[in-house]
Amino acid sequence: MLKIWFVLLALFGGILGGIQAPINSQLGRKIGSLEASFVSFFIGTVFLLLLSTFFGRGNLLQVTHVPKWQLVGGFLGACFVTFVIIAVPKVGVALTIISVIVGQMIISLVIDHFGLFGTTKIVVNYQRVIGVALMLVALFFIYRGTVAVK
């Protein structure tokens, strides 16, 4: 039963990401895509600095002792936000978000299957493949619905 709370937390994170996309896109129209990504990450950095300062329980100084590949997440996040900012005005929020989710699902199945990055191995099975296939069908229909409107 505890797992459902983590699923709901992730679902809420997805909702926030869906809201973030058009907000950042509008910011990008006003100040530029790269600049909007910078502002988004800067504000997020300040927010997280405050949270970690007052509520953090870890040791930020240990960052110098982690394997360097573990530091690439910030770069990947910046690319992700920038790509979304660029895509939303061109194809809309729904097509951008379903594309992001399908991409995340495909790579997450690969990561799970091989236990990459220290994750627990979860072998790809037919239910997971069918789930992603249905998401690809959803991507197709949302794409077709978007093209038909434009």
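Pull out the extension gain between V110 and V132, defined as 0.36 nm times the separation in residues minus the alpha carbon to alpha carbon distance; nm, one decimal. Walk me through the numbers before you get to the answer.
Numbers: separation 22, 0.36 × 22 = 7.92 nm, distance 1.18 nm.
Contour length minus Cα-Cα distance gives 6.7 nm.
Would you check the chain for Lys pairs whose C-alpha atoms are within less than 25 Å, ignoring same-chain pairs closer than 8 in sequence, and give me the count?
Counting lysine pairs in the chain gives 5.
So what are the ³J(HN,Hα) numbers for the range 51-64, from phi and the Karplus equation (6.51, -1.76, 1.60; θ = phi - 60°), rounded to whole Hz, Gly and Pro as x?
4, 5, 5, 8, 10, x, 10, x, 10, 4, 5, 6, 4, 6
Could you report the range 1-57's accessible area per residue, 1.4 Å probe, as an integer in Å²?
With the other protein chains kept in place, the range 1-57 gives 84 Å² per residue.
Based solely on its DSSP helices, what 222 nm [θ] is calculated for the chain when runs of n ≥ 4 H residues each add -39,500 (n - 2.57) and the sum is averaged over all residues, nearest 500 deg cm²/dmol? Spell out each step's value before the answer.
Values: 5 runs with 118 residues, N = 150.
Mean residue ellipticity, 222 nm, calculated: -27500 deg cm²/dmol.
Using per-residue counts of other Cβ atoms within 10 Å, averaged over each peptide, order 14-25, 108-119 from highest down.
14-25, 108-119
Carbon and sulfur together cover what percent of the accessible area of the chain at a 1.4 Å probe radius?
Summing carbon and sulfur atoms, their accessible area is 77 percent of the total for the chain.
Probe 1.4 Å, all protein chains in place: accessible area of L76 in Å², nearest 10?
We get 100 Å² for L76.
Largest first, how would F12, F38 line up by accessible area (1.4 Å probe)? Can you show the working numbers first?
Numbers: F12 115, F38 140 Å².
If we order F12, F38 from most to least accessible, we get F38, F12.
In whole Hz, what ³J(HN,Hα) sequence does the range 31-36 give by Karplus (6.51, -1.76, 1.60; θ = phi - 60°), x for Gly and Pro?
Values, residue by residue: 10, x, 5, 5, 5, 5 Hz.
Could you work out the percent of alpha carbon pairs in the range 1-133 separated by over 22 Å, rounded to a whole number?
Roughly 53 percent, rounded to a whole number.
Between the alpha-carbon centers of the range 49-104 and the range 15-40, tell me the distance in whole angstrom.
Comparing the Cα centres of the range 49-104 and the range 15-40, I get a distance of 13 Å.
The values are calculated or read from the model by the stated rules, or taken from the named source; none is laboratory data. The structure presented is a predicted model; accordingly, all values stated were derived computationally and were not measured. As a convention, Cβ positions derive from the backbone with ideal geometry for all residues, glycine included, and neighbour counts pool all protein chains shown. Heavy atoms of the whole protein, side chains included, go into the accessibility calculation; ligands, DNA and RNA do not. Shrake-Rupley method; radii C 1.70, N 1.55, O 1.52, S 1.80 Å.
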